[in-house]
Amino acid sequence: MSQDKHIINGAKIDWHCMGKFNFTAGFSPTKAESAIANYAAFLAPVILYFALWRTLDWSVLQYVVASFLALDMVGGVLTNSLGSMKRFLHTNQTLELNFLGTLVGSKFLFPAIHFQIFAVPLCFDVSWSYAFFWYGLMMLSVVLIHCLPQYIHRPVALLIVMFSIMLSQLVFVGPPGLEWLASIYIIKLVLSHGVREEPYRPNVEAS
């Protein structure tokens, strides 16, 4: 096999990006990866509504914003963790990309434009310090990850994620119904987008 395609311990790894860039799934996603990227996240607002949100006294705008945030954060974690997206995010291959593809592939600019966390104090009863703290922690964590040797990226990112889960219950706590948001925000951009993982493939590629 070529340098970009090999099998280690029975696992097929393929770094080669072929075809056209897909915003939600990277390069050459399988049918399963496409389904996860495009549909799985829609379960989040549905589950949250019936399990929690319908008991809250929210306006229509708040339901819309909360649903968007759930879709964006959960969908982002899933999309950025796909093998088809990892092969793009951490490739050494020279690719012809449009503006959107270049943006998604940026280690620092892509996390930096994630101002969605500021929609929380804008639409819910929580202070602006909530958004500034979690945005600042996210960006500092992204910079830290990329300053460290690659072999410790994953454990350090997981350490940050665990601390964020603990902190989100103690300081800069989200409004009722969105207490989980800050931790998933960190998972999406620090762990899922920032940490290199091998792009494992099925033995027979799905179209």
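Of Cys123, Cys17, which has the most accessible area and how do the rest follow, probe 1.4 Å?
Cys123, Cys17
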- [ ] Provide the per-residue ³J(HN,Hα) series for region 119-134, in order, calculated from phi with Karplus coefficients 6.51, -1.76, 1.60 and θ = phi - 60°, each as a whole number of Hz, with x at glycine and proline positions.
- [x] 6, 5, x, 5, 10, 10, 7, 8, 6, 5, 4, 4, 5, 5, 5, 6
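Using the Kirkwood radius over Cα pairs, work out the Stokes-Einstein diffusion coefficient for region 1-44 at 4 °C and 1.567 mPa s, in µm²/s as a whole number. Don't skip to the end; give the middle numbers.
Details: Rh = 12.1 Å.
Rounded, D is 107 µm²/s.
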TODO: Sort all Cα-Cα distances of region 101-155 into consecutive 5 angstrom bins from zero, then give the percent of pairs in each bin up to the one containing the longest distance.
DONE: 4, 17, 22, 19, 17, 12, 7, 2, 0
Open item on the list: Normalised radius of gyration for region 58-107, please: alpha carbon Rg relative to 2.2 N^0.38 Å, two decimal places.
Closed with: 1.54
Open item on the list: Distance between the C-alpha centers of region 144-207 and region 1-57? Whole Å please.
Closed with: 15 Å
Task: Theoretical ellipticity at 222 nm over the chain - DSSP helices of four or more residues, -39500 (n - 2.57) apiece, nearest 500 - done: -15000 deg cm²/dmol
Open item on the list: Apply the a/c threshold of 1.5 to the C-alpha gyration tensor of region 59-144 and tell me whether it is rounded, prolate or oblate.
Closed with: prolate
Open item on the list: Under the rule a/c < 1.5 gives rounded, and otherwise a/b versus b/c splits prolate from oblate, where does region 1-92 land using the Cα gyration tensor?
Closed with: prolate
- [ ] Take the chain, connect every pair of alpha-carbon atoms lying under 10 Å apart with a spring to form a Gaussian network, then pick out the residue of Asn98, Asn22, Asn80 with the largest mean-square fluctuation.
- [x] Asn98
Open item on the list: At 1.4 Å probe size, what's the solvent-accessible area of Thr30? Round to the nearest 10 Å².
Closed with: 10 Å²
Task: Candidate values [x] 56, 38, 30; [y] 58, 35, 34; [z] 68, 54, 28, label of the one derived for Cα extents along the principal axes in Å - done: [y]
TODO: May I ask for the net charge around Val65, where only other residues with Cβ less than 14 Å from the Cβ of Val65 are counted and Lys, Arg are +1 while Asp, Glu are -1?
DONE: -2
- [ ] Could you state the angle between the C-alpha long axis of helix 153-167 and the longest principal axis of the C-alpha atoms of the chain, as a value from 0 to 90 degrees rounded to the nearest 10?
- [x] 10 degrees
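The values are calculated or read from the model by the stated rules, or taken from the named source; none is laboratory data. Just so you know, these numbers come straight off a predicted model, no measurement behind them. Cβ atoms come from the backbone with ideal geometry, glycine included; neighbour counts cover every protein chain shown. For accessibility, only protein heavy atoms count, side chains too; no ligands or nucleic acids. Shrake-Rupley method; radii C 1.70, N 1.55, O 1.52, S 1.80 Å.
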